[in-house]
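A.B. asks: This is the structure, below, for whatever I ask next.
The values are calculated or read from the model by the stated rules, or taken from the named source; none is laboratory data. Just so you know, these numbers come straight off a predicted model, no measurement behind them. With ideal geometry, Cβ positions are generated from the backbone for all residues, glycine too; neighbour counts draw on all protein chains shown. Surface areas here come from the heavy atoms of the whole protein model, side chains and all, with no ligands, DNA or RNA. Shrake-Rupley method; radii C 1.70, N 1.55, O 1.52, S 1.80 Å.
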Amino acid sequence: MTKKDIDWEKELKPKPFRKNSFTPQMMRKVEQQVKADSGRAALLRRRAGVLVLGAALLAGGFAAERSGVLEGLRQIPPESSVGVPPASQPNGTAESHTFPEEAAQTTRIEFPEKKADGGTAGTVSIPLRLLRAELAIGEAQTDSIPELPDMTFALTAKEAEMLQAVLVQRPDTGEGYVLLAPRSWTPERAVIGANGSVSAEFINPDKAGNPEQRNPGDPGERLRYTETFSGGSVASGIGTYFPDRQTWAERQGFPVQTYEGLALRSQYANEDGEAGFARYDWTRQGDGVVASGAVYYSQNPQNDTLRQLEMSLEGTAYGEAADSILRFFEANQGAQRIRPAASATQALPQGKEQEAAEDSIGIEALRERLAEKGLRLTGLQDADVPFYDQPMNGVEAEELIFDRDSRNAERSERLTLFDFGSRDRAAEEAKKFAQEPRSAENGIQADIYPHVFAGGGFVVLYWTSGSHERPFVYDNKINGVLRALDQSEVQP
Amino acid sequence: MAYEWQGKVSMTADDLEPIMETYGEDVWNFLYIMTRSRELADDLAQETFIRAYKYLGTYRGEASLKSWLLRIARNRWYSYRRLAFVRKVTLPGFMPETNTAESAETEFLREELTSEVWAIVLKLPLKYREILTLQAHYAMTMEELAGTLGITVSAAKTRLQRARGKASELWEKERGEA
C-alpha cells in the first residue's frame, strides 16, 4: 500500500480493538452511581423549598439596601485625584491628557533636594519623559495622563544631573508608574500583560546589546522593570531572592532560579513574611558587577505581587545612578504608582455600567453589562458539558458560551461565573484558583486555558483556546466590565 | 433505534443499560484513542454514561445518540485534561505515567489492536487522531464534526485533510523503516 492508496475511511472502518473493554462491571458501576445520584437529587429537591424561603428573606434585605436603609454602612471611596501642577511648570501639566511626547526633554519634574547633612532644602528638577504602555490584549480605554503628585523622594544635586524620570502610562486604566533611569538612556517599551502585569524597559543607546540574552552573553546596558501578579511567578521570585523562603516556594511546586554570582546586598521582610524587599548584585569573575537589582513582594488575600527592577551594566559608569534608581524603587516598593486622572476614570467603562450596577447585583446584571460591550453569551446547549463543573468553595457556577458569529462559533470560548456577593471573597477565591499551576500536561500542549478575573463580587474564568499553531484570541472586555463593577461600589 | 425511555418524562437507571450495551464499546474505544490509557478510558467511559443520564433531558435528537455520547465523552476528556494539572500537583502519583503503566499499554496494544493502521492513528497528535477517528470510523458528517469539535465546517475540512496527510506521511515513514 502506498501513500496514495490509503483509503482511511475503509481502513479505519473496522473496530480498533479485538475485545470489548467496556465491561459489564463498568455498566453496573454506572447504574449504581446514577441510582445514588437520583437519591441525592430527591433530597436536594426537598431542601430547595427551604432555600426558596432563604432567598426571599435575602431579597428583603436587598430591598432595604436599595431603599437606602443601609446607606450609612456603605463605604465611601476616597477622592481619587491629587493636585495638578500647572502647565509648563515643574511636575507635569494642567492639561494632563495632552501631555506632548515631543516635549519630553523640556518637561521637568521636581524632587526635594537632599543636602550633604542628610536633610532637605529646596528642590532639584530632572527631565520627565512619557512612555505609553502597549496592551498585550484589548483596546486602549484612555490616553489621559495621570496627574503627578509632589515627589517626596529626595535627590542630591549630583544625582539629579545623572537621572531622568519616566512616566509609564497605562492605556487600560489611566494609571501611571514613575521610574527613574540614567539621564541618557532611552525608554524602549512598556507592556501591560494579559493578566495586568507590567513591564518597562530602557536601554543605553550606546550599548544596546542583545535583548534576547540575559547575562552571560550580551545584555548590553539596560534597565528592566516588571510587576507580576501570577501566583507562580511571585512564588518563584520569592524563592529565588529570599533564600529562607526557597523551601516554601518549591513546596508550592514552583522552581527557584539559581544565578551563579548572585549576592544579596540587603534583605528584609515584615514579621509575618507577607512583604519583603531584597537588593542584589550579580557579579561575574573578572567583570565585577554585571547587574544590580531589587525585588519587592507582597502577599495578601487580595493578590500576590512581585516587583523587580534590574539594571545590566558594563563597567562602573552607571553604578551611582543605579544606586539612586534602586533606592527610589525601595522607597516606593516598586515604581511610584500614580492614580488615574479624574477625567480618565470617567472615561473608563463605568459610567453607564455604574448607573446600572446601582440597580442590580447578580450574574444576569453582569451578563447584561457584557452584552452592552458587544459580548453575546448563551447558555449551554444540548451536550455542552460544563468546563468547570464543580462548585468553587460552595458557590455553584453558571457557564455561558460566547456567541460571536453563529457560523464561526467557537464553543470552547466560554465564561464560568461564580457570584460570591463580596469582592473580598471573590478576590480570595480568584487568588486561590490562580495559584494553581497550569501548564502543558504529559507533554501535550493544552489548547484551552482558564484566565481568572475577580471583580464586583464575581470570579470569572475565561476559557479561551489556542496553541502554538493557532494563537490565543483574547477578549479583554470582560476585564474592563469587572473593573468597572469594582469601582462602582455596588457589592456589599 | 428506539429505546424504551424515549417518550418518557424521565428515564431510570435501568433504561441506561441498553444504551450502554449498544454504545459502551464505541465510547470506550473512542476514549482510548483520545487518552491512550486504559485506566482513563475506563473512568471516562463510565463518567460519560453518568453524564448522559443526567443530561438526557437536554438531548433533542438533532444528532444521533452515538454522536451525542461521543461529544460528551470528548468533553469529559478535555475537562479531565484541564483539571489534571491540579491533581498532578496536589496528589502526586495520581497520573498513571509510569514505566510500568506504559509497558502495560504497549502489551495491551500488541494483543488487542486489530490493524497497523490503527497503530498509526494512535501516534498522531490528539487533534488529528480525534478528527480522523470520528470521521473515518464513526462516520460523522462534516457538520457533525464541526459541531463536536467546536469549529467551522471549513476548519473541520482543513483539519481532516491535514490529519489524513499526517497519517499518510507517518505510514510511509514507518513502512520505509520496516
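A.B. asks: What accessible area, summed over both chains, is buried at the A-B interface (1.4 Å probe, Å², nearest 100)?
C.D. replies: Using a 1.4 Å probe on protein heavy atoms, the buried area is about 5900 Å².
A.B. asks: Okay, moving on. Give me the net charge for the shell around residue A:308: Cβ to Cβ below 9 angstrom, other residues only, Lys and Arg +1, Asp and Glu -1.
C.D. replies: Values: positive: A:224, A:307; negative: A:227, A:310.
My count for the surroundings of residue A:308 gives 0.
A.B. asks: Then there's this: Please tell me which of these pairs span more than 27 angstrom C-alpha to C-alpha: A:15/B:66; A:13/B:66; A:29/A:432; A:10/B:66; B:66/B:123; A:431/B:54?
C.D. replies: A:29/A:432; A:431/B:54, as the Cα separations exceed 27 Å there.
A.B. asks: First measure r as the distance between the Cβ atoms of residue A:393 and residue A:116, then evaluate 1/(1 + (r/R0)^6) with R0 = 60 Å and state the FRET efficiency to the nearest 0.05.
C.D. replies: 0.55
A.B. asks: Also, quick follow-up: Need one number: nm distance between label points at residue B:64 and residue B:39, each 7 Å from Cα along Cα→Cβ, rounded to one decimal.
C.D. replies: Each label point is offset 7 Å from its Cα along the Cβ direction, giving 3.4 nm.
A.B. asks: Quickly work out the residue A:300-to-residue A:20 label distance, labels modelled 7 Å from Cα along the C-beta direction, and quote it in nm with one decimal.
C.D. replies: 6.2
A.B. asks: Where does each of A:450-456, B:150-156 land if you order them by average Cβ count within 10 Å, highest first?
C.D. replies: Final packing ranking: A:450-456, B:150-156.
A.B. asks: Give, as a single signed number, the net charge of other residues whose beta carbon lies under 15 Å from the beta carbon of residue B:31, with Lys and Arg counted +1 and Asp and Glu -1.
C.D. replies: Computed value for this residue: +1.
A.B. asks: At residue A:320 and residue B:142, where each label point lies 7 Å from the Cα along Cα→Cβ, what is the point-to-point distance in nanometres?
C.D. replies: Here the modelled spin labels are 7.3 nm apart.
A.B. asks: Based on the Cβ-Cβ distance of residue A:189 and residue A:244, what FRET efficiency does E = 1/(1 + (r/R0)^6) give at R0 = 41 Å, to the nearest 0.05?
C.D. replies: 0.75
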